[in-house]
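Here's the structure we're looking at; comments come further down.
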Amino acid sequence: MKAKTILKDKFWILEEEGNNIGTLSWGDDRYMFSGKNKTLFFENKKEIKNTFGLDISITEDTEHTIDSNKEIYNFSTSVIPYNSMYDIKRKLPLFTKSNKSKSLYCAGYYIIRFEKGWVKSFCPKLITVERYEYRGPFKTELEMRQELSRV
């Protein structure tokens, strides 16, 4: 089993034989494993080792690490942001994907309620957030998933 670092010392994707089996995150006082069918909490790495029966090796994966250039107001973005601004009224970090673009995107993770139900979204267009009920922004995918499980 391997844990690919997404946020240093905070968030990992757990893989077994190349298949994603869940995520592991560090909160203020404990670890949380979130898999397809279960969520588990651990006080330390030893408990994680005992539960999974394997030593989890933490590896740095440059493909998955978050680039600090792809961030505005401490929210991740899908690209290097241009024309960043903060909508105070709606509390949304906004950016464009190029210097000349007029399409605004919302930085961070969201859940959006479409006709068929709630959907996860990373950096949705502002117009989508304006048209549909949403929750966010969330700084991490884990926070977004927790809110999605609540609704």
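Just so it is clear, none of the values below were taken in a lab; they were calculated from the coordinates. Everything numeric here is computed off the predicted structure, so don't read it as measured data. Using ideal geometry, Cβ is built from the backbone for each residue, glycine included, and neighbour counts are taken over all protein chains shown.
Of note:
- Taking D28, D87, D9 and counting other C-beta atoms within 10 Å, the order from fewest to most: D28, D9, D87
- DSSP loop GluC sites (Glu not before Pro) with at most 11 other Cβ within 10 Å excluded, longest remaining stretch of the chain: 64-114
- Integer Hz, Karplus 6.51/-1.76/1.60 couplings in order for segment 6-20, x for Gly and Pro: 9, 10, 3, 6, 10, 8, 9, 9, 8, 10, 10, 6, x, 9, 5
- Taking only the C-alpha atoms of segment 2-59, the Rg (one decimal) and the largest Cα-Cα distance, Dmax (whole number), read 10.4, 30 Å.
- Whole-Å distance, taken between Cα centres, linking segment 1-29 and segment 98-141: 24 Å
- Summing +1 for each Lys or Arg and -1 for each Asp or Glu among the other residues whose beta-carbon sits under 15 angstrom from that of T128 gives +4.
- Assigned charges on the beta-carbon of Lys, Arg, Asp, Glu; the chain dipole about Cα centre (debye): 720 debye
- Cα Rg over Rh - segment 71-150, Kirkwood: 0.96
- Helices in the chain, meaning DSSP H runs of at least 4 residues, each add -39500 (n - 2.57). Divided by all residues, the mean residue ellipticity at 222 nm is -4500 deg cm²/dmol.
- Listed pairs K10/K70; K36/K89; K70/K125; K36/K91; K70/K102; K38/K70 exceeding 27 Å between Cα atoms: K36/K89; K36/K91; K38/K70
- According to the Cα-based calculation, Rg over Rh for the chain is 1.01, with Rh computed by the Kirkwood formula.
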